[in-house]
Amino acid sequence: MQAVIFHGPHDFRLESINEPKLESPSDAILRVTHTTICGSDLHLWDGGLPAAEQGFAVGHEFVGIIEQVGEAVTTVGPGDRALVSCTIGCGSCSRCRRGLHSGCSVTTAGGTRSNIFGFSSAFPGGQAEVVRIPFADSNVFQIPDGVSDEQALFLTDILPTANMATEFAEVAPGDHVVVFGCGPVGSLVQQLAFIRGAAVVIAVDLDEARLAHARQLGCETIHPEKENVLERILQITDGEGAASVIEAVGRTELVSQAALYLRPGGVIAVAGVIIANVDLPWALFLMKNLSLRGGLVNPQRHVPQLMPLIESGRLDPAQLVTHRMPLSEAIAGYELFAERRDGVLKVVLEP
Ligand SMILES: [Zn+2]
Ligand SMILES: [Zn+2]
């Protein structure tokens with residue numbers, strides 16, 4: 001089968017490898033119909049996240065059709081359309097039982113390895129024709145008839161990530177919410193903040209086209225190189241500051257700055273991927289009773305909340321798809337996404 005194989009930064013190659021097979025009674029084999037490139041794949045692509053090895057298939061956002069299941073799998077069967085959580089939980093350990101599949105003590109081997117698809121040879125990824133899914137009952141969800149593969153694709157990672165951030169931010173009716181970033185995750189955060197009852201969502205980004213998209217969703221927008229962010233936020237919030245700031249870019253300085261924009265009791269939630277230390281203005285946290293939350297996503301916990309929003313038409317994440325190409329053109333897709341050419345938001349690859 002064809003798969004996108006990691007050989008190093010800027011060195012992903014489309015190669016033919018053997019199809020995976022069932023290895024355990026709790027496994028499923030999925031034939032991928034749609035997969036997409038994520039901002040976190042770019043951390044491997046640009047070398048920001050050094051991989052300890054080479055030669056594994058990348059990709060952690062994919063959906064498809066179940067081809068085969070082990071004898072212990074009860075929730076899906078051959079022929080089912082299915083989506084797969086990007087983080088793999090065993091479903092039975094104490095962390096999984098608390099909804100923290102990302103910290104599963106079994107699949108992380110006691111915290112010694114990543115349990116996300118496509119970041120090592122332990123769990124080869126879904127930018128491939130076929131994927132083996134460990135602990136299928138815990139990590140696979142059937143896609144209902146009214147939901148397209150492309151819509152379900154966003155339930156594998158970024159829609160749950162956006163939902164987690166609005167949950168961390170405790171977005172409540174009437175809130176003023178600031179969202180740093182109007183990329184795929186930022187855009188979903190904006191939509192979910194409105195669904196949770198935010199009165200005003202203030203979107204901050206350097207890209208005019210992305211700001212225009214945020215305005216279409218009903219957001220106020222700020223371009224930080226053209227306007228003073230603090231002044232505008234104070235103006236929009238009648239001098240109070242925002243109830244929450246959600247970081248959906250992945251930059252440490254935005255987490256630090258967020259404290260300035262909050263009202264007393266405000267919350268900073270980090271949805272962006274940050275793999276570095278953050279300097280915090282702790283005096284502001286103390287004086288304003290602020291809090292800060294972040295973490296890896298657990299789609300297993302969020303899919304049941306989010307699927308009905310897609311089914312009912314209140315949320316259509318497939319609007320984010322700007323480019324579609326065959327898996328054979330994946331490398332060109334990476335270059336397009338990494339260079340942010342051609343108004344790209346999400347590139348969908350079809351094996
Ligand atoms: Zn992702
Ligand atoms: Zn577990």
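The values are calculated or read from the model by the stated rules, or taken from the named source; none is laboratory data. Everything quoted here is computed from the prediction, not taken from an experiment. Cβ: placed from backbone, ideal geometry, glycine included. Neighbour counts: every protein chain shown.
Quick look at the values:
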item	result
Test: residue in segment 131-146 that is away from ligand 1 (no atom under 16 Å from the Cβ), more than 17 Å from Ile5 (Cβ to Cβ), in contact with a strand residue (DSSP E or B) (Cβ under 6 Å, 6 or more places away or on another chain) and in a loop (DSSP other than H, G, I, E, B)	yes
Every residue from segment 59-73 that is in contact with a helix residue (DSSP H, G or I) (Cβ under 6 Å, 6 or more places away or on another chain) and assigned to a loop (DSSP other than H, G, I, E, B)	Glu61, Val73
Complete set of residues in segment 147-183 that are aliphatic (A, V, I, L, M), within 16 Å of ligand 1 (Cβ to nearest atom) and in contact with a strand residue (DSSP E or B) (Cβ under 6 Å, 6 or more places away or on another chain)	Ala152, Leu153, Leu155, Ala165
Segment 13-28, residues that are hydrophobic (A, V, I, L, M, F, W, C) and either within 16 Å of ligand 2 (Cβ to nearest atom) or crowded, with 21+ Cβ neighbours inside 10 Å (or both)	Ala28
Residue within segment 65-75 that is touching a Lys or Arg at 6+ places or on another chain (Cβ under 9 Å), away from ligand 2 (no atom under 16 Å from the Cβ) and touching a residue at least 60 places away in the same chain (Cβ under 8 Å) present	yes
Gly59 vs. criteria touching a strand residue (DSSP E or B) at 6+ places or on another chain (Cβ under 6 Å), under 29 Å from Thr322 (Cβ atoms) and in the same structural domain as Leu315 (by TED's automatic domain parsing)	yes
Matching helices (runs of 4 or more DSSP H) fully within segment 239-351 where at least 1 residues are surrounded by 21 or more Cβ atoms within 10 Å (Cβ to Cβ) and of a type in the set (Val, Ile, Thr)	252-261, 299-311
